[in-house]
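Down below is the structure, laid out as structure tokens.
The values are calculated or read from the model by the stated rules, or taken from the named source; none is laboratory data. In this text, all values refer to a predicted model and were calculated from it rather than measured experimentally. Here the Cβ positions follow ideal geometry from the backbone for every residue, glycine too, while neighbour counts run over all protein chains shown.
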């Protein structure tokens, strides 16, 4: 069938209709484009909407403070920029950000766990914010611990957002009943007190340890002079299996075997977390961050407890730096505006507003003000001066999981401390090298 | 042979409207290929290409992000496998899974098929009951078993409590051996129906005359099975064995849902470990190397099984 036949025949009706449709669509597109051009000439400046992914808690005032106090202030100061704050469950956030970045459509700004920054930087999905003019001032004003969490391979890949660390929570009534005057100041005293405070008949353990992962273990290991990696975070062998680390782990294993550490250490479905067990009298001591205070204040009756610095050992009183950093997505659609917003989150206004909701400020100059507003921060700000960051490496998550699993095997008595730590170090080397 | 030749030589009837015999023959030849084309295309796009791409990725330090350099790393992802203590645990667990589930699925499937071949009352109902788990989703079944073996309020603990005379809280899924046992149990329970249906079809194909004549000759039941039934269903046994071994090597869903490889990686198998490397730690190349090596092992294992069983057949 020739083209002429096709056009003349029955099929030609359909063909003519199709051609007409294409022509109409094309002309419509032309009109639409020219319309845009006309509109652009007379319209107001375009409004940009930034996507801001975070894990702010919606159960308390954390998410609403961001949405109703900080973002409106930023929008007022920056006409034409709107911010859409999207809460995503913690367990999904990293994977969701990675996959959306791979698809070329990430959010503009991500409030990232500090442990993810190295992975995002080395994957090439974060903007090198250290090159920004505004970052020089932020760098100068930030506490060394939180600032270090943003530095990977000599560059800065995120704005410090908020910080925290652990301190020792101790039950005043339990201590008084055991005849102990106050919280321990040394690790050895802490372990001795744990034995004294354990009352099997009351299901009361002297010490609660909330898991085998590095976040929970690091204060014990570091304060007793042990370590996980070298200073460059490239090697675990010789550090994770060093004599000092082995001594610290052995002490905890002995304490567990003696029945002085509770069910939270080994985990499992029946384990009671420190935060749940402490106010019920299951643990006489445990370490936790500042977020536990509002939880306990909401209880009735409010438990009688104190917060003290983590006890000192051969390595000093060292706890773990926690918190979040603000990452600007490299493939984001509005990078300059996103940088403005990330920078604003580091302003005293935003830092102090969020500090009132449990997110401690990363700014050196805010410490006095936030302690005045929230007195229980005092111990934590003091503790932050000696707190240390975990390995700033893309292989950290894998290394943490390897360490946690091997320590679990040690606690279950399946491997010796020596053998377990040697395996953890070998796996740690691979995780750090693989990154 | 003669009949076939005469059929082939018979001139084809050409439908009215078709211009030439040549075009008609071409159309007739092309039709099956055209019909196969959509399925073939899907197979190439979703099976063949990913397999080759996976092998390709395993030789690079591959990043998921476009525009990021993916340097060639040669065999280093493969050498890493041999120095990884966790893959040893995962490999051992995969082997344990295979050893525990494959023979039991085959034995129970054959037993059920033998039982339900004869004219039992309600035979259809029994057959359906055995087969229903096969058509149920793995995700649904895994969640049901997670509920049955839950630490708090689980059915298993309720039953144990009745026998123990006091309330027990066994954390089935949080302990190495009980966790593994639950995984094996759910896999056997769900898999038996498939081998049952295979053996049922095979047993239907065994000539009744052979079985009956051997019985008339005085052969005892186990001799009938050993010398008559089993040799007749050997191809099915081989088929079921090969497919179950392949399936056991690819076990994933039930472990992912029930234990996520825990506690402390002690129920981890090769594919859950590869998944963890890819989607938790974003080590896509290493995960690709693990999956590729596993594919080669499973392929070699299948060839070996087929050869061994064929040799037995010949002897």
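Annotations for the structure displayed:
- Any hit, segment B:106-119, residues being within 23 Å of residue B:191 (Cβ to Cβ) and assigned to a loop (DSSP other than H, G, I, E, B): no
- Among the candidates A:352, A:407, residue that is buried (at least 19 other Cβ atoms within 10 Å of the Cβ) and part of a helix (DSSP H, G or I): A:407
Residue by residue, here is whether (1) part of a helix (DSSP H, G or I); (2) more than 12 Å from every other protein chain (Cβ to nearest Cβ); (3) without any contact (Cβ under 8 Å) to a residue 24 or more places away in the chain holds:
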{"position": "B:247", "(1), (2), (3)": "yes, yes, no"}
{"position": "B:260", "(1), (2), (3)": "no, no, yes"}
{"position": "B:282", "(1), (2), (3)": "no, no, no"}
{"position": "B:288", "(1), (2), (3)": "yes, yes, no"}
{"position": "B:301", "(1), (2), (3)": "yes, yes, no"}
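- Enumeration of residues in segment A:90-108 that are closer than 22 Å to residue A:321 by Cα and in contact with a strand residue (DSSP E or B) (Cβ under 8 Å, 6 or more places away or on another chain): A:90, A:93, A:94
- Where strands (runs of 3 or more DSSP E) fall entirely within segment A:239-337, those with at least 3 residues that are in contact (Cβ under 8 Å) with a residue 12 or more places away in the chain and within 29 Å of residue B:262 (Cα to Cα) are at A:285-288, A:322-328.
- Flag for residue A:367 being more than 14 Å from chain B (Cβ to nearest Cβ) and surrounded by fewer than 24 Cβ atoms within 10 Å (Cβ to Cβ): yes
Here is a yes/no grid of residues against (1) within 12 Å of chain A (Cβ to nearest Cβ); (2) farther than 30 Å from residue A:421 by Cβ; (3) in contact with a helix residue (DSSP H, G or I) (Cβ under 7 Å, 6 or more places away or on another chain):
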{"position": "B:61", "(1), (2), (3)": "yes, no, yes"}
{"position": "B:75", "(1), (2), (3)": "no, no, no"}
{"position": "B:78", "(1), (2), (3)": "no, no, yes"}
{"position": "B:87", "(1), (2), (3)": "yes, no, yes"}
{"position": "B:95", "(1), (2), (3)": "no, no, no"}
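- Odd one out for residue A:428 among (1) without any contact (Cβ under 8 Å) to a residue 40 or more places away in the chain; (2) surrounded by 20 or more Cβ atoms within 10 Å (Cβ to Cβ): (1)
- Selected residue [in contact with a helix residue (DSSP H, G or I) (Cβ under 9 Å, 6 or more places away or on another chain) and in a helix (DSSP H, G or I)] from B:267, B:272, B:209: B:272
- The one condition in (1) over 24 Å from residue A:213 (Cα atoms); (2) without any contact (Cβ under 8 Å) to a residue 12 or more places away in the chain; (3) not in a helix (DSSP H, G or I) that residue B:230 fails to fulfil: (3)
- Single unsatisfied condition, residue A:393 versus (1) within 25 Å of residue A:56 (Cα to Cα); (2) more than 14 Å from chain B (Cβ to nearest Cβ); (3) not in a helix (DSSP H, G or I): (2)
- If you go through segment A:355-365 and pick out every residue that is more than 15 Å from residue A:70 (Cα to Cα) and part of a helix (DSSP H, G or I), you end up with 2.
- Yes/no for residue A:145 being more than 14 Å from every other protein chain (Cβ to nearest Cβ) and modelled with pLDDT under 90: yes
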